[in-house]
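Read the figures in this text as sums done on the coordinates, not as results from a lab. Fair warning: this is a prediction, and the values are worked out from it, not measured in the lab. Virtual Cβ from ideal backbone geometry, glycine too; neighbours counted across all protein chains shown.
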Amino acid sequence: MERTLVLFKPDCVQRRLVGRLLARFEDKGFNVAAMKLMRATPELAKKHYAEHVGKSWYPRVEAFITSGPLVAAVIEGPDVVRVVREMVGATHGLKAAPGTIRGEFSTSQQMNLIHASDGQEAAAREIDVFFQPAEIHSYQPTITEWLRAEDER
């Protein structure tokens, strides 16, 4: 079972969209293995966005991600990294395809509601930044047999 990190950013929390957007991943058949409401500190932001810290635009990103509460979640399922990224859509809301989360709910590049890991290595690193192993709980819902064929589970 693959895992990815999803952050419902401060604009998502303020707009009260977390439940609607989280439901999309559950409706797809993915599990929520961990979730918490929190406030990102500048130190946490630097760990999460480590590859961007030296870039000229990084201070704006840090100011935004630390501006209010966010919801961090670990989403679990087959091919979840790729599928969640496709469901989220392009970074800039005005360039995101209709039907994607950003295509439906965002008109900004920075205030784009949600973060999703861009690969399996990034997902593992990012999950470790936001969650301790004891906070992550894998489970097999009883509905699984109605979501995927036995050889796809």
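Please name whichever of 29, 139, 106 sits farthest to the positive end of the charge dipole of segment 27-153, dipole taken about the Cα centre and charges placed at Cβ: Lys and Arg +1, Asp and Glu -1.
The one lying farthest along the dipole's positive direction is 106.
How big is segment 1-137 by the Kirkwood estimate over distinct Cα pairs, in Å?
14.9
What ³J(HN,Hα) values, in whole Hz, does the Karplus curve 6.51 cos²θ - 1.76 cosθ + 1.60 give for segment 104-113 when θ = phi - 60°, with x put for Gly and Pro?
Running phi through 6.51 cos²θ - 1.76 cosθ + 1.60 with θ = phi - 60° gives 8, 10, 10, 10, 9, 7, 7, 8, 10, 6 Hz.
Apply the Karplus curve 6.51 cos²θ - 1.76 cosθ + 1.60, θ = phi - 60°, to the phi angles in segment 22-39 and return the couplings in whole Hz, x for Gly and Pro.
4, 4, 4, 6, 5, 4, 6, x, 7, 9, 8, 8, 6, 6, 7, 8, 7, 10
When Lys and Arg each count +1 and Asp and Glu each count -1, what net charge do the other residues less than 11 Å away from residue 64, Cβ to Cβ, add up to?
Neighbourhood net charge equals 0.
Find the relative contact order for the chain and round it to a whole percent, using C-alpha pairs within less than 8 Å whose residues are 6+ positions apart.
About 34 percent, as a whole number.
Going highest first, how would you order 56-62, 68-74 by mean Cβ packing within 10 Å?
With the highest mean Cβ count within 10 Å placed first, the list reads 68-74, 56-62.
Please enumerate, by chain and number, the aspartates and glutamates with C-alpha under 14 Å from the C-alpha of residue 47, excluding those fewer than 8 residues away in the same chain.
Leaving aside aspartates and glutamates fewer than 8 places away in the same chain, those within reach of residue 47 are 62, 126, 128.
Provide the descending list of Cα extents for segment 42-106 along its principal axes, expressed in whole angstroms.
Between the extreme Cα coordinates on each principal axis of segment 42-106 lie 32, 28, 23 Å.
Quick check: net charge around residue 34, other residues with Cβ under 15 Å of its Cβ, Lys/Arg +1 and Asp/Glu -1?
-4
Give me the number: length gained by fully extending residue 51 to residue 92, i.e. 0.36 nm times residue separation minus the C-alpha to C-alpha distance, one decimal in nm.
Going from the current span to full extension adds 12.8 nm.
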